[in-house]
Amino acid sequence: MKKFSITIAGGGSTFTPGIILMLLENLDQLPIRQIKLYDNDQARQQQIADACQVIINEKASDIEFLATTNPKEAFTDIDFVMAHIRVGKYAMREKDEKIPLKYGVVGQETCGPGGIAYGMRSIGGVLDLIDYMETYSPDAWMLNYSNPAAIVAEATRVLRPNSKVLNICDMPIAIENLMANILGLQSRKEMTVNYYGLNHFGWWTAIRDQNGVDLMPALRAHVKQHGYAINFDDSGQHVDESWRATFEKVKDVYALDPETLPNTYLKYYFYPQDEVEHSQPDYTRANQVMDGREKFVFSECNRIAKNQTTEGSELEIDEHASYIVDLARAIAFNTQERMLLIVENKGAIENFDPTAMVEVPCIVGSNGPEPIVQGRIPRFQKGLMEQQVAVEKLVVEAWQEGSYQKLWQAITLSRTVPNARIAKQILDDLIEANQGYWPELS
Ligand code: NAD
Ligand code: G6P
Ligand code: MN
């Protein structure tokens, strides 16, 4: 069987070691001959790379491994780019969250003004990755989960329309894992779902088991009382206190439309004041992640590198990231797997902008994704999505044109922001904070 060559872009990410462990666990599914890490922060990536080298030596020493900050070296002779960059790193995530909070507005990684600010930084970084890939390995595919995925996906649609890039999010997968647990199933793969929305902004409309039995009634009964909260074990992603609270809050989000089951991120749009009230303006999610996941991953990696063994290491396989292998396999082996992806609508949601980037189930094969038609959507969701997609499109236009006016409009239009004056104050602070990351606006 063919063996593949993979570049992980954002090699210094906190998720890189878990993803490498996951890839090594799945070599029978996706054989690999080479793994390269690429990052623009040499020192950060090196710490992760030194540990990954030890892991690979122990588990699959025939795989060639290399970490580099040189695009040519990183993107030559590869089949897939797995992209998870965070332009500006946690230092800028912290600002994205804290600046809106100063004005009593949701401070969040991908939603509201914080997500817009992050989008303005990410677009250029992700387009660079696509260009490197197309220059040095024109047949390769990029599997992108760099955030904010909604804005990044719109930018790739407009600015790199013919590129082989697939945009995917792990939130529906994480939620479907919880649903499977609620239902007592072995795996989320026993469920076939219908879903529509934008990234971090969508709804399940049907969930059936392998015999076609409707699983929605059982799920509704649980969600009505507990949201997606279950008795968590404490390993893996999406398990800390903040995520538990998010899964519980789904109960209130669900109440708006008890016919469907919602994505967790809708809470920022339906209950922004609740989120602000529960936030600590001086200690946001970025601080939690820096003190939690980042410290943990880097100290474990440093320990592995120092001891030259993974013995005693607490680093875990990122099980839920196996969707990335499923996606690579779908392209490589034409598996025709059904997966939720962020793709151009083109009628998949019949009564919605055909040029919107929407999240819907797709059949994925060697030629890429074929979206599955989800039909017409109700007025409530349509209204919300039209407003949100306009925000996302305005951000991309603002980035392209260097337009202050359009970015002000985008922030004003976000449901998380109460009025245009506050939008302008937040924007002016964000411009100051993002110098060197955003295009000049006028
Ligand atoms: P992180 O800061 O630990 O890692 C990101 C890495 O990207 C850093 O090492 C940084 O130096 C590097 N980087 C920044 N700009 C770059 C550029 N222009 N070129 C190359 N490398 C660059 O962040 P993290 O928390 O591990 O998350 C990584 C990314 O994955 C984020 O975008 C996050 O939002 C995203 N993510 C997405 C999903 C999803 O569902 N789509 C799930 C989890 C994480
Ligand atoms: C989910 C979302 C991602 C987001 C992440 C944030 O996985 O799908 O898009 O980046 O949560 O998690 P964190 O632990 O960094 O707050
Ligand atoms: Mn996501």
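Annotations
- Any hit, segment 137-147, residues being touching a His at 6+ places or on another chain (Cβ under 6 Å) and at pLDDT 95 or above: yes
- Residues (in a helix (DSSP H, G or I), away from ligand 1 (no atom under 12 Å from the Cβ) and crowded, with 16+ Cβ neighbours inside 10 Å) located in segment 282-297: 287
- Taking the numbered list (1) outside any helix (DSSP H, G or I); (2) surrounded by 23 or more Cβ atoms within 10 Å (Cβ to Cβ) in turn, residue 48 passes all entries but (1).
- Per-region count, segment 227-247, residues part of a helix (DSSP H, G or I) and in contact with a Phe, Trp or Tyr (Cβ under 8 Å, 6 or more places away or on another chain): 2
- Residue, nearest to residue 225 (Cα to Cα), within segment 258-316, restricted to residues that are within 14 Å of ligand 2 (Cβ to nearest atom) and of a type in the set (Gly, Ala, Ser): 279
- Index of the failed condition, residue 266 passing every other in (1) modelled with pLDDT of 95 or more; (2) in a loop (DSSP other than H, G, I, E, B); (3) of a type outside the set (Val, Ile, Thr): (2)
- Test for residue 340: is it aliphatic (A, V, I, L, M), under 25 Å from residue 208 (Cβ atoms) and away from ligand 3 (no atom under 16 Å from the Cβ): no
- Those residues of segment 252-292 which are touching a helix residue (DSSP H, G or I) at 6+ places or on another chain (Cβ under 8 Å) and of a type in the set (Asp, Glu), in sequence order: 252, 257, 274, 275, 282
- Scan of segment 111-161 for residues that are touching a strand residue (DSSP E or B) at 6+ places or on another chain (Cβ under 8 Å) and within 13 Å of ligand 2 (Cβ to nearest atom), ordered by number: 144, 145, 146, 149, 150, 152, 153
- Pairs where the first residue, in segment 384-396, is within 19 Å of residue 121 (Cα to Cα) and the second is assigned to a helix (DSSP H, G or I) and of a type in the set (S, T, N, Q), C-beta under 8 Å, 6+ apart: 394/409
- For segment 183-211, filtering for residues that are among the acidic types (Asp, Glu) and within 12 Å of residue 340 (Cα to Cα) leaves 0.
- All of (1) in contact (Cβ under 8 Å) with a residue 60 or more places away in the chain; (2) surrounded by 22 or more Cβ atoms within 10 Å (Cβ to Cβ); (3) away from ligand 2 (no atom under 16 Å from the Cβ) hold for residue 25 with one exception: (2).
- Tally of residues being assigned to a loop (DSSP other than H, G, I, E, B), surrounded by fewer than 18 Cβ atoms within 10 Å (Cβ to Cβ) and of a type outside the set (D, E, K, R) across segment 426-442: 5
- As a summary of the residue check, residue 133 satisfies the conditions (1) within 18 Å of residue 75 (Cβ to Cβ); (2) more than 16 Å from ligand 3 (Cβ to nearest atom); (3) under 18 Å from the mean Cα position of the chain (by Cα); (4) of a type outside the set (Ser, Thr, Tyr) except for the one numbered (3).
- Count of segment 401-417 residues which are free of Cβ contacts under 8 Å to residues at least 60 places away in the same chain and in a loop (DSSP other than H, G, I, E, B): 2
- Elements of type helices (runs of 4 or more DSSP H) in segment 100-215, at least 2 residues being among the aromatic types (Phe, Trp, Tyr): 112-136
- Exactly one residue out of 139, 214, 209, 170 is within 16 Å of ligand 3 (Cβ to nearest atom) and either surrounded by fewer than 22 Cβ atoms within 10 Å (Cβ to Cβ) or free of Cβ contacts under 8 Å to residues at least 12 places away in the same chain (or both): that is 170.
- Candidate set from segment 96-136 (those that are among the β-branched types (Val, Ile, Thr) and in contact with an Asp or Glu (Cβ under 7 Å, 6 or more places away or on another chain)); member that is surrounded by the fewest Cβ atoms within 10 Å (Cβ to Cβ): 99
- In segment 379-414, the residue that is farthest from residue 267 (Cα to Cα) out of those that are among the aliphatic types (A, V, I, L, M) and touching a Lys or Arg at 6+ places or on another chain (Cβ under 6 Å) is 398.
- One residue from 359, 350 being among the acidic types (Asp, Glu), in contact (Cβ under 8 Å) with a residue 12 or more places away in the chain and buried (at least 22 other Cβ atoms within 10 Å of the Cβ): 359
- Checking 102, 98, 164 one by one, the residue that is at pLDDT 95 or above, closer than 22 Å to residue 331 by Cβ and away from ligand 2 (no atom under 14 Å from the Cβ) is 164 and no other.
The values are calculated or read from the model by the stated rules, or taken from the named source; none is laboratory data. No experiment lies behind these values; they were computed from the predicted model shown. All Cβ positions, even for glycine, are placed from backbone atoms using ideal geometry, and neighbour counts span all protein chains on display.
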